[in-house]
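Note sheet for the following structure.
The values are calculated or read from the model by the stated rules, or taken from the named source; none is laboratory data. Remember, predicted model here, so these are calculated numbers, not experimental data. All Cβ positions, glycine included, derive from the backbone under ideal geometry; neighbour counts span all protein chains shown.
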Amino acid sequence: MLLKWIRCEVDEEKKAAFSAAQETWRDLQGYPGFLGQIGGWNAAKPQEAWILAFWENLDFYQSFMSDKHDEILERSKQTGTYQNISVDIVEVKQPAEWYHMNMIEALQNSKMLCVNRLKEKQTLSDRLKQDKHIVAMFLSENQKNHHLFAVLYASMGISSSEWKNMIHTPVKLEKAWLVV
């Protein structure tokens with residue numbers, strides 16, 4: 001599986017326009033090899049929008065990029081809504097853990113995403129493995145000397161003060177940005 005991890009810096013006055021433009025990406029539904037997309041606002045830095053797009057593999061993703069990406073981007077008018085954009089493409093070599101539901105159900109049931117770059121592959125703590133709010137976890141293989149670690153949660157059970165102290169970046173998911 002391939003993950004496209006997008007981070008955008010959005011001025012406060014353009015957040016509504018960015019969010020509305022993000023909904024245009026529903027046109028990804030049904031595209032060959034597209035598995036789903038989810039995103040929202042970084043809870044610790046509310047001017048950052050984070051999006052994770054899931055693809056079967058690099059071939060399907062590259063086909064989309066050369067075929068439909070620019071058309072959807074132009075129609076969305078999203079380009080003028082953010083200052084900076086950062087995109088990473090990472091491959092998940094080990095199977096993602098879906099916790100008794102398929103990917104679509106996991107994305108639909110998620111309310112929060114936590115993401116971190118790890119310098120080395122780490123084992124998950126027993127506490128994290130047993131967290132009843134987790135609906136899915138992903139760990140990528142080495143990408144630029146880092147591993148991408150992402151966890152989807154079914155609740156926002158973390159207080160605002162805890163968000164700022166987490167080693168993982170918490171993202172409050174926007175249901176309107178969900179594409180499955």
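Results, tabulated for the structure shown:
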quantity	calculated
Number of positions in the stretch 23-46 that are in a loop (DSSP other than H, G, I, E, B) and more than 13 Å from LEU178 (Cα to Cα)	8
Checklist (1) under 27 Å from ALA154 (Cβ atoms); (2) not in a strand (DSSP E or B) applied to GLU13, failing item	(1)
Cross-chain or 6+ apart pairs with Cβ under 9 Å, the stretch 102-116 first and touching a residue at least 60 places away in the same chain (Cβ under 8 Å), then assigned to a strand (DSSP E or B) and of a type in the set (S, T, N, Q)	LEU107/GLN37; LEU113/THR169; VAL115/THR169
Candidates ALA17, ALA53, ALA49, filtered to the one that is among the small types (Gly, Ala, Ser), under 18 Å from ALA176 (Cβ atoms) and surrounded by fewer than 18 Cβ atoms within 10 Å (Cβ to Cβ)	ALA17
Segments classed as helices (runs of 4 or more DSSP H), wholly inside the stretch 69-141, with at least 1 members that are at pLDDT 70 or above and on the phi < 0 side of the Ramachandran plot	69-76, 103-109
